[in-house]
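One structure is given below, encoded as structure tokens.
The values are calculated or read from the model by the stated rules, or taken from the named source; none is laboratory data. Note that this is a predicted model, so its numbers are computed, not measured. Ideal geometry is used to build each Cβ from the backbone, glycine not excepted, and the neighbour counts take in all protein chains shown.
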Amino acid sequence: MKFNRASGILLHPTSLPGPDGIGDLGPEAYRWLNFLKEVGCSLWQVLPLGPTGYGDSPYQCFSAFAGNPYLVSPAGLMEDGLLTRTDLSDRPNFPANAVNYGEVITWKLTLLDRAAARFIENASAELQKDYHNFCAEQAYWLEDFALFMAIKESQGGVAWKDWPTELRHRHPEAIAAFRAQNQAAIQRHMLRQFFFFRQWNALRAYAKKIGIRIIGDIPIFVAYDSADVWANPELFFLDDQGHPTVVAGVPPDYFSPTGQLWGNPLYRWRVHRQTGYAWWIRRFKATLQMVDIVRLDHFRGFAGYWEVPANMPTAEIGRWVPGPGKHFIKSIREALGDLPIIAEDLGKITPDVEALRDDFCLPGMKIFQFAFSSDSDDPFLPHNYPSNCVAYTGTHDNDTALGWYLTAPEHERDFCRRYLARSGDDISWDMIRAVWSSVAVFAIAPLQDLLSLDSSGRMNFPGRPSGNWTWRMTADVLTPALARRMYETNQLYSRLAA
């Protein structure tokens, strides 16, 4: 799909301000969309929106189809008559600039349970109709997910590999008995999804109304402890007990001498192909009902991926295995049309990855921070960009622009200053201007770079198991001065929203 020149800002909804300890889909999300409109940006990039589990990572979710209930806005539930001001009177005093997930989860689930109870007691006929329509439309994933979460809850939250055998392997009699005895818990999880999608769909409709497109994210792999793997074990390399035999990762490189052991189960691509990639088609279709453009994470894994035996402590021992390649992309396109996809083509990129990207005319990604470790031929320098790419100052996995500059080797800092012909005193905006002025069709920066934040604003440290995904903006940062500066940058470099 051909894109037109535009710009956007990367900000996950958890980072929005608000009184409930975590950003949500309520008033501040609408205020954020209005800010994007005001400054002439037409793109809002978010991370995966699924229900997070251990480590709070949006890349390790309990479902590839479900939404994150912690993003449900209490204000929105009040508008639907499912919460009252009294329900919010015991709100804890949350920090404004970071998410304390432990406290937030307890609070949000308390509110969601109150809303679910009130829905069951006295929801309006219209709201009940909307709920039943939602359940019918989403039945292909919703019922398995709600069942998975209810069983998980009944087992103290342990991974499904540690459930009783008959539930782990979905024995029909055991599943029927559990359903009969736990209808209330199952419905509670279905209602949480209804609340999320009701609010997200309204927010997306508003974004569309004011000309903002949302860039979403499809992680190539799913979490082992997910409804996807539990309900579809035949699609993954698992043994007879449901344990992975091989897992995902990346091999050792300059940045990591032992590689990265992600631990996600790997796909039986031959089985997926035999089904016509039915599960993947449903996944793409579901995602494109939520967002306008998809960033396909770890795109190189569709050309070839690093397979690690499941018992390995690191990713050092493994092998490259061919991915589904062109047949996969072609099959998805035949089913769903010319998809709006951005290929996350970072990491160890080989000619077959470039061919897979270019044969389908998919824009790749260019990260300005990566440009200064070699010379003027570096592909991450703006003068080497093709127009069919998406250029970033940095991503959620990198340091902020200022954080990078303050900690980079002096020879990289010197190269950066000479390249930009700047002193480095305003490095975040120097980098924004360089990316915005490039020929890249899309230019995107994390909000942290617009705010010139140092490493304290970093969202994720890859390989660090906890303490990530916590950064939040405060309500006072979207100032008129910032809006004027961003608008002028969009105007100068022909990226104003049409």
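Run K348 past the list (1) crowded, with 18+ Cβ neighbours inside 10 Å; (2) over 27 Å from R213 (Cβ atoms); (3) of a type outside the set (D, E) and report the number of the one that doesn't hold.
(1)
Identify, please: which residue in the stretch 451-472 is in contact with a helix residue (DSSP H, G or I) (Cβ under 7 Å, 6 or more places away or on another chain) and outside any loop (DSSP other than H, G, I, E, B) and is, among those, farthest from A96 (Cα to Cα)?
Among those that are in contact with a helix residue (DSSP H, G or I) (Cβ under 7 Å, 6 or more places away or on another chain) and outside any loop (DSSP other than H, G, I, E, B), it is S455.
When you check D130 against the structure, is it surrounded by fewer than 22 Cβ atoms within 10 Å (Cβ to Cβ), touching a residue at least 40 places away in the same chain (Cβ under 8 Å), out of contact with any His (no Cβ under 6 Å at 6 or more places or on another chain) and among the acidic types (D, E), yes or no?
Spelling it out, D130 is indeed surrounded by fewer than 22 Cβ atoms within 10 Å (Cβ to Cβ), touching a residue at least 40 places away in the same chain (Cβ under 8 Å), out of contact with any His (no Cβ under 6 Å at 6 or more places or on another chain) and among the acidic types (D, E).
Within the group A481, A497, A445, which residue is under 17 Å from the mean Cα position of the chain (by Cα) and either surrounded by fewer than 21 Cβ atoms within 10 Å (Cβ to Cβ) or not in a loop (DSSP other than H, G, I, E, B) (or both)? Reasoning before the result, please.
On the way: A481 fails: under 17 Å from the mean Cα position of the chain (by Cα); A497 fails: under 17 Å from the mean Cα position of the chain (by Cα).
Of A481, A497, A445, the one residue that is under 17 Å from the mean Cα position of the chain (by Cα) and either surrounded by fewer than 21 Cβ atoms within 10 Å (Cβ to Cβ) or not in a loop (DSSP other than H, G, I, E, B) (or both) is A445.
Within the stretch 1-37, count every residue that is within 20 Å of L77 (Cα to Cα), β-branched (V, I, T) and either outside any loop (DSSP other than H, G, I, E, B) or free of Cβ contacts under 8 Å to residues at least 40 places away in the same chain (or both).
Total satisfying the criteria: 1.
Considering every residue within the stretch 2-23, establish whether at least one is farther than 24 Å from A401 by Cβ, among the basic types (K, R) and modelled with pLDDT under 95.
Yes: the stretch 2-23 contains one or more residues that are farther than 24 Å from A401 by Cβ, among the basic types (K, R) and modelled with pLDDT under 95.
Filter the stretch 59-97 down to the residues that are polar (S, T, N, Q) and either closer than 23 Å to A139 by Cβ or outside any helix (DSSP H, G or I) (or both) and list them by number.
Across the stretch 59-97, the qualifying residues are Q60, S63, N68, S73, T84, S89, N93, N97.
Would it be correct to say that L142 is in a helix (DSSP H, G or I) and closer than 27 Å to G263 by Cβ?
The answer is yes for L142.
What are the pairs, 6+ residues apart or on separate chains, where a residue within the stretch 317-334 that is more than 14 Å from F299 (Cα to Cα) has its Cβ under 9 Å from a residue that is basic (K, R) and modelled with pLDDT of 95 or more?
Listed pairs, sorted by first residue: H327/R273; S331/R273.
Only one of (1) over 28 Å from A343 (Cβ atoms); (2) of a type outside the set (S, T, N, Q); (3) surrounded by fewer than 20 Cβ atoms within 10 Å (Cβ to Cβ) fails for F461. Which number is that?
It is condition (1) that F461 fails.
On the basis of being under 28 Å from C361 (Cα atoms), small (G, A, S), at pLDDT below 95 and touching a strand residue (DSSP E or B) at 6+ places or on another chain (Cβ under 8 Å), does A445 make the cut?
So A445 fails the test.
Output the residues belonging to the stretch 165-184 that are of a type outside the set (G, A, S), surrounded by fewer than 17 Cβ atoms within 10 Å (Cβ to Cβ) and not in a loop (DSSP other than H, G, I, E, B).
Answer for the stretch 165-184, where residues must be of a type outside the set (G, A, S), surrounded by fewer than 17 Cβ atoms within 10 Å (Cβ to Cβ) and not in a loop (DSSP other than H, G, I, E, B): T165, E166, P172, E173, I175, R179, Q181, Q183.
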